[in-house]
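Asker: Got a structure for you, questions after.
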């Protein structure tokens, strides 16, 4: 997994690399399509990459793909699940507000989010979300990347001591 133990500079560099890659896929102001993204070009980031499917009427989100590095962080598979299936109410509301803004503004967003809702207050995600669009205008998929900031020695395998 791409766990950054107290190395926010490394995490921010990864965000910069992914943003630059995404921006390079844009054509004449249009958003990149999902099919434009070549996983081989972002290979080292794939363990904590996600694809979030945007549903309309009502606006909702489903994790279409979640990298293997996210399994331990969430304690299980999150691919195919909706926000409310993965997060508690407060965390789901947080992500819904962030994703709603990406859809409305058609622009990337970045931030940090504590995993305290999952009982891991010592773990923070430095996240990046990049909009993708089949028609170049309407966001229908969001490319996500999470750099996991955890104290050295923390295991994110999902296995807990008894």
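We did not get these values from a lab; they are worked out from the coordinates using the rules stated. Quick caveat: nothing in here was measured; it's all calculated off a predicted structure. As a convention, Cβ positions derive from the backbone with ideal geometry for all residues, glycine included, and neighbour counts pool all protein chains shown.
Asker: Using the alpha-carbon atoms, what tilt in degrees (0 to 90, nearest 10) does helix 8-25 show relative to the longest principal axis of the chain?
Answerer: Long axis of 8-25 versus the principal axis of the chain: about 20 degrees.
Asker: For the chain, what relative contact order do you get, as a whole percent, if you take Cα pairs closer than 8 Å and at least 6 residues apart? List each step's numbers first, then the result.
Answerer: Values: 283 pairs, mean separation 46.9, N = 162.
Computed over the chain, the figure is 29 percent.
Asker: If each residue of separation counts as 0.36 nm, what is the full-extension length gain between residue 138 and residue 17 once their alpha-carbon separation is subtracted? Don't jump to the answer; show the numbers that get you there.
Answerer: Values: separation 121, 0.36 × 121 = 43.56 nm, distance 2.40 nm.
Additional length available on full extension: 41.2 nm.
Asker: Hey, for a label at residue 104 modelled as a point 7 Å past Cα toward Cβ, could you say which residues of the stretch 40-69 have their backbone N under 17 Å away?
Answerer: 55-61
Asker: Just 20, 48, 124 to compare: in a GNM of the chain, with alpha carbon springs under 10 Å, which one fluctuates most?
Answerer: The residue that fluctuates most here is 20.
Asker: Considering only 14, 147, 116, give the residue with the highest GNM mean-square fluctuation for the chain, with springs between Cα atoms whenever their separation is below 10 Å.
Answerer: Result for the chain, Cα springs under 10 Å: 116 fluctuates most.
Asker: Further, regarding this structure: Report, for the chain, the % of DSSP beta bridges that are antiparallel, rounded to 5. Write down the numbers at each step before the final one.
Answerer: Values: 29 of 31 bridges.
Given both bridge residues lie in the chain, the antiparallel proportion sits at roughly 95 percent.
Asker: For the chain, modelled as a Gaussian network with Cα springs under 10 Å, which listed residue fluctuates most, 39, 47, 108?
Answerer: Between 39, 47, 108, it is 39 that shows the largest mean-square fluctuation.
Asker: Also, I was wondering about something else. Is the shape of the stretch 3-149 rounded, prolate or oblate, going by the alpha carbon gyration tensor and its root eigenvalues a ≥ b ≥ c, with a/c under 1.5 for rounded and a/b larger than b/c for prolate?
Answerer: oblate
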